[in-house]
Amino acid sequence: YTFMTGSCRLPRGDLLYLEGQFKAIREKAAAAMPGTDWSPVELRRDLPPDRADIVVVGGGVIGWSVAYWLKKKERVRDGVRVLVVEKDPTYSEASTVLSAGGIRQQFSLKENIQLSLASVDFMRNINEHLWVLNEDPIDLQFNHSGYLFLASESVAHIMEENYVTQREHGAKVTLLSPAQLKERFPWLNTDGVVLASYGLENEGWFDPWSLLNAFRRKAMSMGVFHCHGEVTGFTCTTSSRETEDGDVLRIKRIKYIDVKMPDSREYQPVECAIVINAAGVNSGKIADMIGIGSGSEHSMAGFSLPVEPRKRYVYVVHCPDGPGLESPFLIDYSGVYFRREGLGGNYITGNSPEETEEPDISDLKVDHEFFQEKVWPHLSHRVPAFESLKVTGAWAGFYDYNTFDQNAIIGLHPRISNMFLATGFSGHGLQHSPAVGCAVAELVLDGGFRTIDLSAFDFKRILQQEPILERNIV
């Protein structure tokens, strides 16, 4: 037999010889890297494509949610070419998987309440949205035990006002007096508590990794490209226009995004039409690369993206005589929180440090003295059974902290005509990710919000120096 290759006729024996040579080369290369499943074909599987319609920077739960919704909303199959770039494929430092996994509707801003309600509805029906054919059903391990906020006399009026807002927007919450609190949760010390707010429905906690992986798996099954690499720069065009005040405003448009491959000097420029900055704690650095914040003070170009990493500790404790299955996600007015972690008397707990005591962010080391000084005294006071607890583990994670007003920044940047922002959630990103992904996809593909109006979270509020703040009781 003979085979045609191009314009040449290649005898079958020669073809088999060449195949044998190629096989030997592959085996030799693989042998040089023992203990791996390396092969020449697999080497470049995570390189990004040369072109994408939309590049999502950041493969955390926000980034993958955005990617899923972009594909969900495309009008023609494969009509939108989406690429997700994530620099940490192990997610060892990802905010998503290192969080406490809570979801609540007890906010003071209507936008945050609406995001929570839409997100929890998505999670309740997650297999209708994210199940992949021939895969196991998704189990978020959702625990519907609710949130319990405790208020002191100085902030009880804020809790009452928040309660009215929450009920107006469909949240199922109730207020409890100290006597009602003690009757419902007899293990609780109500000393100093004037009022409590308890979530009756749509609150609790779930497994963060399961949600992230479900979004990722579904998005990839829908045709989303992904690569493991780090964004190192942008190639832009610049245009100028004159403002009403006579100033010259320079508008940039991203043409290419440079993606550096892991453990390599190699990088791949990706031509793109739109960029979504969903890089979480690194989103400020991504903005810096393109010159956001590099202008003169008080000019539009001088306002940076006010998002930076803040480190938070989570401690795992064991207490056989602690609160049982009815225990909610409790947040004391001191700032200390705890929730049950599985069964068998295990809990996780923590507290946010004072602004002047923010820990070093150069690593994810845990400060165990912080637990002894800032967590345990308040925890054991509020739940006397915790006086005999034992710390069995701990970890640290980062918040994408919005230093301006601790709320999300969502929308098109006014100076970068094709960069959308989805960052600065300050601890709310995981729980709001399903609804935020939908909102960003609407903004990109429909030209505006359709489901929930999140225009209050636009970057313009930073330019106008008009923060929108949660009225917290902690």
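The values are calculated or read from the model by the stated rules, or taken from the named source; none is laboratory data. Worth saying up front: this structure is predicted, and the values here are computed from it rather than measured. Cβ placement follows ideal geometry from the backbone for every residue including glycine, while neighbour counts extend to all protein chains displayed. To get the accessible areas, we keep the full protein, side chains included, count just its heavy atoms, and leave off ligands, DNA and RNA. Shrake-Rupley method; radii C 1.70, N 1.55, O 1.52, S 1.80 Å.
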Return the total of residues in region 442-455 being of a type in the set (G, A, S) and open to solvent by 40 Å² or more (accessible area, probe 1.4 Å).
-> 2
Does L150 fit the bill of being over 32 Å from the mean Cα position of the chain (by Cα), hydrophobic (A, V, I, L, M, F, W, C), open to solvent by less than 70 Å² (accessible area, probe 1.4 Å) and at pLDDT 95 or above?
-> no
Determine if region 296-312 includes at least one residue that is in contact with a strand residue (DSSP E or B) (Cβ under 6 Å, 6 or more places away or on another chain), more than 30 Å from A385 (Cβ to Cβ), at pLDDT below 95 and not in a strand (DSSP E or B).
-> no
Determine which single condition V336 fails, assuming it passes every other condition in (1) over 27 Å from A422 (Cβ atoms); (2) among the aliphatic types (A, V, I, L, M); (3) at pLDDT 95 or above; (4) open to solvent by 30 Å² or more (accessible area, probe 1.4 Å).
-> (4)
Counting only residues that are in contact (Cβ under 8 Å) with a residue 24 or more places away in the chain and more than 25 Å from E74 (Cα to Cα), how many does region 443-467 have?
-> 7
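Conditions tested, residue by residue: (1) among the charged types (D, E, K, R); (2) in contact with a helix residue (DSSP H, G or I) (Cβ under 8 Å, 6 or more places away or on another chain); (3) at pLDDT 90 or above.
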| residue | (1), (2), (3) |
| --- | --- |
| G13 | no, no, no |
| L16 | no, no, no |
| K23 | yes, no, no |
| L43 | no, no, no |
| D46 | yes, no, no |
| S65 | no, yes, yes |
| G79 | no, no, yes |
Could you grab me the full set of residues in region 359-414 that are among the charged types (D, E, K, R) and touching a strand residue (DSSP E or B) at 6+ places or on another chain (Cβ under 6 Å)?
-> K390, D400
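Mind checking which strands (runs of 3 or more DSSP E) fall wholly inside region 160-253 and carry at least 3 residues that are more than 30 Å from A52 (Cβ to Cβ) and either open to solvent by less than 40 Å² (accessible area, probe 1.4 Å) or in contact with a Leu (Cβ under 7 Å, 6 or more places away or on another chain) (or both)? Break it down into steps so the answer makes sense when it comes.
Working: elements: 173-176, 195-199, 225-228, 230-242.
The qualifying strands (runs of 3 or more DSSP E) are 173-176, 195-199.
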Find the residue count for region 387-420, including only residues that are in a strand (DSSP E or B), in contact with a Gly (Cβ under 9 Å, 6 or more places away or on another chain) and open to solvent by less than 10 Å² (accessible area, probe 1.4 Å).
-> 4
Check whether at least one residue in region 132-144 is surrounded by fewer than 24 Cβ atoms within 10 Å (Cβ to Cβ), outside any loop (DSSP other than H, G, I, E, B) and more than 15 Å from the chain's Cα centre (by Cα), and report yes or no.
-> yes
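Matching residues to (1) in contact with a Gly (Cβ under 7 Å, 6 or more places away or on another chain); (2) within 20 Å of T423 (Cβ to Cβ); (3) aromatic (F, W, Y):
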{"site": "A67", "(1), (2), (3)": "no, yes, no"}
{"site": "R75", "(1), (2), (3)": "no, no, no"}
{"site": "V80", "(1), (2), (3)": "no, no, no"}
{"site": "P89", "(1), (2), (3)": "no, no, no"}
{"site": "A94", "(1), (2), (3)": "yes, yes, no"}
{"site": "F107", "(1), (2), (3)": "no, yes, yes"}
{"site": "N112", "(1), (2), (3)": "no, yes, no"}
{"site": "D121", "(1), (2), (3)": "no, no, no"}
{"site": "N127", "(1), (2), (3)": "no, no, no"}
Kindly provide the set of residues from region 262-294 that are open to solvent by 70 Å² or more (accessible area, probe 1.4 Å) and small (G, A, S), ordered by number.
-> S294
With F398, F449, F420, F457 as the choices, which residue is of a type in the set (F, W, Y), under 18 Å from the mean Cα position of the chain (by Cα) and closer than 19 Å to A67 by Cα?
-> F420
Do you know which of the residues in region 362-383 that are out of contact with any Asp or Glu (no Cβ under 8 Å at 6 or more places or on another chain) and outside any helix (DSSP H, G or I) is farthest from F185 (Cα to Cα)?
-> S362
Among (1) among the β-branched types (V, I, T); (2) assigned to a helix (DSSP H, G or I); (3) open to solvent by 20 Å² or more (accessible area, probe 1.4 Å), where does V436 come up short?
-> (3)
Among (1) over 13 Å from the mean Cα position of the chain (by Cα); (2) open to solvent by less than 40 Å² (accessible area, probe 1.4 Å), the one test that Q464 misses | (2)
Filter pass, T356 being modelled with pLDDT under 95 and of a type in the set (S, T, Y) | yes
When you scan region 321-333, how many residues do you find that are open to solvent by 40 Å² or more (accessible area, probe 1.4 Å) and over 23 Å from F370 (Cα atoms)?
-> 3
Count, please, the residues in region 340-393 that happen to be over 13 Å from R310 (Cα atoms), in contact with a Lys or Arg (Cβ under 9 Å, 6 or more places away or on another chain) and of a type in the set (V, I, T).
-> 2
